[in-house]
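Notes to accompany the following structure.
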Amino acid sequence: SAIRLSGVATGFDPSGVTMARVALPSLRYDSNSVVASSYQQLIAALRAIPGVALAGAGTRVPMWGGSVDIGVRVAGRPGDPKVPQGFGHVRLVTTDYFETLGMPITQGRAFRESDMATGAPWVIVVNEDFAKKTFPDGNVIGQRISGWTRDSFPEWREIIGVVGDIRSFGREAEIPPEIYMPITQAPASAWNAFQRRMTIVAKARGGTAIATPMRAVVRQFDRQLPVFDVQSMDDVLSQSSSSRRFNTLLLTLLG
């Protein structure tokens, strides 16, 4: 069983990727626009680090961090507006988030910088599991959904892409339906729900060590910001199955 588990595809590529979590205090980062622009500046500085090929950020990365799920409505679909027609776990992300983690876009496109601009149309990317469960006929791109808002005030967001499924909660857990939103288009209360925390990820070129430069970039941006859980995504993947490996080793030794 342990051997079979180690062969389960994760859906992302951890090689060369380092993560670090950052939390913005509410007193100094007190609005959605300030939080979003701050993370955009931080990611721009990460991309300028020598040896960094790609960098992005998300409120959650595969197998690490908290999660918030919501019910959604589908535009034009009949039914009681108070009864969800689907649900998904929300991730607020920057551009290059999918690319940094090696998560393939299977339909449509990923987010562009133009999607992050003020006044840009509201768009989202969903994973394959969400697409199959909510749109079993396969007609996904161009559909509009609303969630995280009162029934009388829908916030319609157009699906522009479908990303491959990942084992978000570990190899042993089921693949969850996921909804990815640009950080500049976060619902009104979303940043409070996520405690203004994001996980920054950077992919290094040729084995370059980038953990220390990543810490330095955050300090230069704001010396008071806490930086924690700095580790490679390979380590995150290893930790996700550490209990299974320990139990297997223990049973082997007892045997």
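Within the stretch 151-163, being aliphatic (A, V, I, L, M) and open to solvent by 10 Å² or more (accessible area, probe 1.4 Å) holds for one residue alone: I160. If I go through the stretch 52-94 residue by residue, how many of them are aromatic (F, W, Y) and over 30 Å from A216 (Cβ atoms)? Count: 1. Within the stretch 232-251, is even one residue over 17 Å from I43 (Cα atoms), at pLDDT 95 or above, open to solvent by less than 90 Å² (accessible area, probe 1.4 Å) and not in a helix (DSSP H, G or I)? There is at least one residue in the stretch 232-251 that is over 17 Å from I43 (Cα atoms), at pLDDT 95 or above, open to solvent by less than 90 Å² (accessible area, probe 1.4 Å) and not in a helix (DSSP H, G or I).
If only residues of the stretch 77-94 that are farther than 12 Å from T134 by Cα and in contact (Cβ under 8 Å) with a residue 60 or more places away in the chain are counted, the one that is most open to solvent (accessible area, probe 1.4 Å) is K82.
Selection of the stretch 164-176 for residues being crowded, with 22+ Cβ neighbours inside 10 Å and in contact with a helix residue (DSSP H, G or I) (Cβ under 6 Å, 6 or more places away or on another chain) yields only D165.
Please determine, by comparing only the residues of the stretch 106-149 that are of a type in the set (S, T, N, Q) and farther than 12 Å from G161 by Cα, which one is modelled with the lowest pLDDT.
Of everything passing the filter in the stretch 106-149, T149 is modelled with the lowest pLDDT.
Count of the stretch 191-231 residues, restricted to those that are touching a Phe, Trp or Tyr at 6+ places or on another chain (Cβ under 8 Å) and open to solvent by 50 Å² or more (accessible area, probe 1.4 Å), is 1. Hey, any hits in the stretch 34-52 for a residue that's open to solvent by less than 20 Å² (accessible area, probe 1.4 Å), modelled with pLDDT of 95 or more and under 20 Å from F130 (Cβ atoms)? Among the residues of the stretch 34-52, not one is open to solvent by less than 20 Å² (accessible area, probe 1.4 Å), modelled with pLDDT of 95 or more and under 20 Å from F130 (Cβ atoms), which makes the answer no.
The values are calculated or read from the model by the stated rules, or taken from the named source; none is laboratory data. Here the structure is a predicted model, which means the values were calculated and not measured. As a convention, Cβ positions derive from the backbone with ideal geometry for all residues, glycine included, and neighbour counts pool all protein chains shown. What goes into the accessible areas is simple: the full protein's heavy atoms, side chains included, and nothing from ligands, DNA or RNA. Shrake-Rupley method; radii C 1.70, N 1.55, O 1.52, S 1.80 Å.
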